[in-house]
Structures are given as structure tokens and as C-alpha cells.
Amino acid sequence: MNDNPGTDDYARRLTVDARERRWPNVRPKDAATLIILDRSASTPKVLMGRRHPNHKFMPGKFVFPGGRIEAGDRQMNVTGMLADACETRLMKRVQRPTMSRTRALALAAIRETFEETGLLFGSADLGRPENPPPGPWSDFAAHGVYPDLEAVTFIARAITPPRRPKRFDARFFSIDYSALAHRLDGVVGPDSELDQLVWVTFEETRAIELPEVTRVVLDELADRIAKGFGPLLPVPFYYELNRKWIREEL
């Protein structure tokens, strides 16, 4: 896993995964995903959730929690700021980039993780956030936790190809499990979006059913860890141009 596969290999794998194009074309929506890392032992692990088998979109596949930006993600109070390197890369190759948008992306990843897993990442040392937006952020704040943007790292970006059933401009963030401030039980189960959570090593992810883009991002993350996980390491950006996958570095 320490050898970063070549760009051609990534492109081949993603092209096979996206070859069916029978849907109307739509503009990709801004979305964010959070990869939870446990590096407390010599072999790192990631937390993955299995999508309910009755879902129409990617049923039964293991994924990271995530989803689209919502209005409240631009309004929630936070502690900490995104690292300069993360903010700079989030603003690259974006029309009308703003700090508000980069902040909302990171917050969307934290909120979606709370909604889908019951895990609250942030700080419980500052009391209850004031005036949270209604909805999920109000529920989050009720547990006395401020989301902490300083704890997240921007590690990858990928845009779904045209004419797929759903299209996202997805930003992948990572966070260390030690940043967990609170946990709710009973969120994951047979009647939920995710019916189970599992901790797996990078090697073990090869034996479970994943979207191909998730496999590619895991390879990128493993390579990043092998290189020391430094803040100045480039961020890969995947998109399709003329039916060919491009890997660019931000």
C-alpha cells in the first residue's frame, strides 16, 4: 500500500467504474466526505459504514460518511480554523472561491458524519455553541460540542463523470479519531442509512465492496501517511475530460 499507483492505473480503474452513462447530465453538487483515521497502533485503520441494502444509490457498499452542503453549514459557529494549506487548496480550480465555501465544505463533512454515525468531532471544552442553525446543527450543539475545523485535513477531490445518476464535486477530508468529543449510540442500525460501521486496515479494505473512487482515495491516503502526512503534500484532484480521467495535483 505504500507504493502510490501510477496515474494511468487510477484512470483505468475509474473509467471502468463510470462507463454507464444513460442519465441526463446535471451540474455536480458541492459535497464533502470525512475519513476517520485511527493511528494509535502501528497499523492505521479507517472507519467505514455499509449503506443499507435497500438504498437505490450504492446499496450494500462501504463508504465514508458524507453528503451535500446545506444552508446551516455556512452559519454554524466553530472553534479553530482550517489550516492555510487546506484552505488554499480548497479554493483552487473553483469558480468564485470564497472562505465561506471552504468552511462550509469542512462543516458539511462533520455534520454528515454526526447524522450518519452519531460521532461528534470537535471540542467539548467551550460549552454549548450559541445560536446554532435549526436542524442537525441544533442537535449537534445540544451536546455541548463545537465543531473544530483545525482538526480536519483536505486530502482529495473528485468530480463524478457526466450522465451518472447523481453527480458530486466531492472533497475528501480526514480527521483523527482522537478528535472525537462525543458519541451517540443507536444511530447506525437496520433502519438507518448505514446499517453497520467497521474499523478496517487499508489492506482489509481490499476485501470489502467499495465504490472504485473510494478505493482510489484510500490508496492516495495510504501514500500520504507513508510520506509523513505533512501539511504541504499535494492534494489529488480527479475529473473526467473527453471521457478520459485526469489526475491533477492541487
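Every number in this text was worked out from the coordinates using simple rules, so none of it is lab data. All of these numbers come straight from a predicted model, not from anything done at the bench. Every residue, glycine as well, gets a Cβ built from its backbone with ideal geometry; the counts of neighbours run over all protein chains shown.
The tail of the calculated P(r) for the range 94-166, taken as Cα-Cα distances beyond 17 Å, holds 54 percent of the pairs. Using every pair of separate Cα atoms, the Kirkwood estimate puts the hydrodynamic radius of the range 136-198 at 14.9 angstrom. Which shape class applies to the range 108-232: rounded if a/c is under 1.5, otherwise prolate when a/b exceeds b/c and oblate if not, where a ≥ b ≥ c are the square roots of the Cα gyration tensor eigenvalues? Prolate. The range 192-250 and the range 130-154 have their alpha-carbon centroids 26 Å apart. The translational diffusion coefficient of the chain, from Stokes-Einstein at 4 °C and 1.567 mPa s with a Kirkwood hydrodynamic radius over alpha carbon pairs, comes to 70 µm²/s. Entry for the range 207-250 at q = 0.23, 0.28 Å⁻¹: log10 I(q)/I(0) = -0.89, -1.05, Debye formula applied to identical alpha-carbon scatterers, no solvent contribution. Here the range 156-250 is treated with +1 on each Lys and Arg Cβ and -1 on each Asp and Glu Cβ, and its dipole about the Cα centre works out to around 560 debye. Relative contact order of the chain, taken over Cα pairs closer than 8 Å and 6 or more residues apart, is 30 percent.
Computed per residue of the chain from DSSP H runs no shorter than four, each worth -39500 (n - 2.57), the mean residue ellipticity at 222 nm is -7000 deg cm²/dmol.
3J(HN,Hα) couplings calculated from phi for the range 213-218 with the Karplus curve 6.51 cos²θ - 1.76 cosθ + 1.60 (θ = phi - 60°) are, in sequence order, 4, 5, 4, 5, 5, 4 Hz; Gly and Pro show x.
Counting only alpha carbon atoms, the long axis of helix 7-17 and the longest principal axis of the chain meet at about 80°.
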